[in-house]
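K.L.:
Have a look at this one before I ask anything.
The values are calculated or read from the model by the stated rules, or taken from the named source; none is laboratory data. Computed from a prediction, not measured in an experiment: that's the story for all the values here. We place every Cβ from the backbone using ideal geometry, glycine too, and count neighbours over all the protein chains shown.
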Number of protein chains: 2
Amino acid sequence: MTEMSSNSGSGGGATGRIGIGLELDATHLKILEVLRDNGRVSVSALAERVGISRANAYTRFEALRADGVIRRFTAEIDHQRAGLGIVALIFVTVRQQMWRQFRAQLAQMPEVEYCAITTGQHDAMIQVRMADVAEVHAMVTERLANIPAVKATETVFILDEVLRRPYVLPSDRERDRGRGAPRRPGPSPSSDPEQGQGQGQGLPLGKMRFVGAAEGRAALRDAT
Amino acid sequence: MTEMSSNSGSGGGATGRIGIGLELDATHLKILEVLRDNGRVSVSALAERVGISRANAYTRFEALRADGVIRRFTAEIDHQRAGLGIVALIFVTVRQQMWRQFRAQLAQMPEVEYCAITTGQHDAMIQVRMADVAEVHAMVTERLANIPAVKATETVFILDEVLRRPYVLPSDRERDRGRGAPRRPGPSPSSDPEQGQGQGQGLPLGKMRFVGAAEGRAALRDAT
DNA sequence: GTTGAAATTAGTACGAA
DNA sequence: TTCGTACTAATTTCAAC
């Protein structure tokens with residue numbers, strides 16, 4: 001369950017275009033903002049907070065849900081209290097042309113909370129949540145190692161989770177304008193305060209300490 | 001907002017003990033399971049699905065919420081459609097004894113979705129969500145680089161998010177018993193199908209390809 | 001896109017098992 | 001503790017504006 005087939009086709013998810021089927025305006029974003037902080041608000045209360053009528057709120061709410069902008073509603077729980085206090089990141093190197101198998105195997109592992117394909121030295125990052133360190137060990141050596149698609153792994157433990165937001169919205173960025181990140185008017189046409197989320201990507205990578213796919217990390221040390 | 005002060009005190013979050021104030025039984029876990037998949041169910045429907053009375057469901061629901069097992073309810077949204085289609089991981093090396101400042105600065109960055117302190121070559125991992133690649137660049141070079149606590153960064157892009165679960169529950173593991181991960185009766189006393197979540201940690205790390213804190217990665221390649 | 005009124009459903013409080 | 005029922009308050013739906 002919970003497979004995500006986003007960013008599928010081309011290898012990058014570079015087209016961050018907005019509104020595939022539904023044009024999101026400021027009101028939509030406001031709705032999402034409220035729903036992020038309280039996923040159980042009644043639509044009536046939602047309408048009041050956003051500043052629209054109930055009927056309108058119902059319409060937009062349903063549209064967001066039907067269009068897939070809102071995937072689902074969920075409860076955020078304290079893993080520690082639920083008995084899974086250990087978090088680990090497992091960086092995986094995947095054997096080429098065995099991706100399909102890798103993904104299929106991963107979908108069978110309920111203890112995996114997150115898995116993403118990455119650039120860099122490794123091919124994928126898996127986040128697991130376990131009751132104790134021994135279980136992480138068992139997971140890596142007995143379960144992951146048994147997958148033929150897995151060539152190598154590297155495990156890192158999470159000592160503390162400093163911050164976790166349910167999701168980030170474009171409108172969040174308006175709050176820190178003019179604090180260290182001056183919007184230069186170049187390739188990012190996202191200067192409209194309400195809904196401007198253009199694409200304009202792939203240009204200024206020159207200054208980044210980029211790590212090419214699986215080529216190893218040199219002695220890169222600073223971002224400037 | 002959304003700071004997590006779990007795992008604070010000692011540096012490890014090793015004590016995965018359950019029930020600090022509330023003993024979670026099978027019914028509690030069932031409730032969490034339902035709430036994970038549909039955070040907006042009415043308590044009446046919840047009671048029906050779990051198989052308890054409405055009054056009981058209300059009591060337990062409130063208890064889980066009051067005790068902090070359920071942190072909040074939220075909506076899971078499609079970032080791509082919301083205009084933030086680019087995801088990146090930024091691995092940060094933090095200057096010693098500047099952790100407090102690092103955390104304070106991070107709390108001010110709304111575009112940061114997740115931040116965790118890790119073992120391994122780097123000290124922290126930050127996950128950001130942006131409209132385009134250029135913004136990631138700006139984030140790293142202009143915002144993170146301006147934090148004195150940040151010594152070095154390494155950026156990796158996420159090409160595809162294969163899997164994302166709202167959270168993992170101890171009961172999830174029952175579903176894959178006897179498929180590659182034989183529960184050896186050693187340090188993990190979590191053999192009770194319903195609520196057993198012991199600690200028993202720190203023993204069998206010998207076979208793991210462990211990466212000590214910020215000591216660099218040697219030519220480690222396989223998990224066995 | 002908004003307001004208002006009816007029908008339904010949710011939330012609360014109690015006593016009994 | 002948990003369940004069942006009655007009571008109260010709120011939400012959703014549907015209508016007209």
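K.L.:
I'd like to verify a number: residues in region A:94-124 that are in contact (Cβ under 8 Å) with a residue 24 or more places away in the chain and surrounded by fewer than 18 Cβ atoms within 10 Å (Cβ to Cβ), how many?
P.N.:
5
K.L.:
Looking at A:97, A:80, A:101, A:105, which one is out of contact with any helix residue (DSSP H, G or I) (no Cβ under 6 Å at 6 or more places or on another chain), more than 30 Å from residue B:119 (Cβ to Cβ) and not charged (D, E, K, R)?
P.N.:
A:97
K.L.:
Does region B:61-76 contain at least one residue that is at negative phi, away from DNA strand D (no atom under 12 Å from the Cβ), among the hydroxyl-bearing types (Ser, Thr, Tyr) and within 14 Å of chain A (Cβ to nearest Cβ)?
P.N.:
Checked against the condition, which is being at negative phi, away from DNA strand D (no atom under 12 Å from the Cβ), among the hydroxyl-bearing types (Ser, Thr, Tyr) and within 14 Å of chain A (Cβ to nearest Cβ), region B:61-76 yields at least one hit.
K.L.:
Which of the residues spanning region A:147-183 are at pLDDT below 95 and of a type in the set (S, T, N, Q)?
P.N.:
A:171 - this is the single residue of region A:147-183 that is at pLDDT below 95 and of a type in the set (S, T, N, Q).
K.L.:
Going by the structure shown, is residue A:140 farther than 20 Å from residue B:155 by Cα, facing chain B (nearest Cβ under 8 Å) and at pLDDT 95 or above?
P.N.:
When the stated conditions are applied, residue A:140 passes them.
K.L.:
Please specify each residue of region A:48-67 satisfying the condition of being more than 12 Å from DNA strand C (Cβ to nearest atom), over 27 Å from residue B:62 (Cβ atoms) and in contact (Cβ under 8 Å) with a residue 12 or more places away in the chain.
P.N.:
A:64, A:67
K.L.:
Which of the residues that make up region B:79-94 are under 22 Å from residue A:89 (Cα atoms) and not β-branched (Val, Ile, Thr)?
P.N.:
B:88, B:89, B:91
K.L.:
Does residue B:19 count as on the phi > 0 side of the Ramachandran plot, away from DNA strand D (no atom under 16 Å from the Cβ) and either at pLDDT 95 or above or surrounded by fewer than 22 Cβ atoms within 10 Å (Cβ to Cβ) (or both)?
P.N.:
no
K.L.:
For residue B:91, are the conditions met, namely being of a type outside the set (D, E, K, R), closer than 30 Å to residue A:23 by Cα, buried (at least 16 other Cβ atoms within 10 Å of the Cβ) and at pLDDT 95 or above?
P.N.:
Here the answer is no, as residue B:91 does not meet what is asked.
K.L.:
Would you be able to tell me the number of residues in region B:74-94 that are in contact with a Pro (Cβ under 9 Å, 6 or more places away or on another chain) and β-branched (Val, Ile, Thr)?
P.N.:
Residues flagged as in contact with a Pro (Cβ under 9 Å, 6 or more places away or on another chain) and β-branched (Val, Ile, Thr) within region B:74-94 amount to 2.
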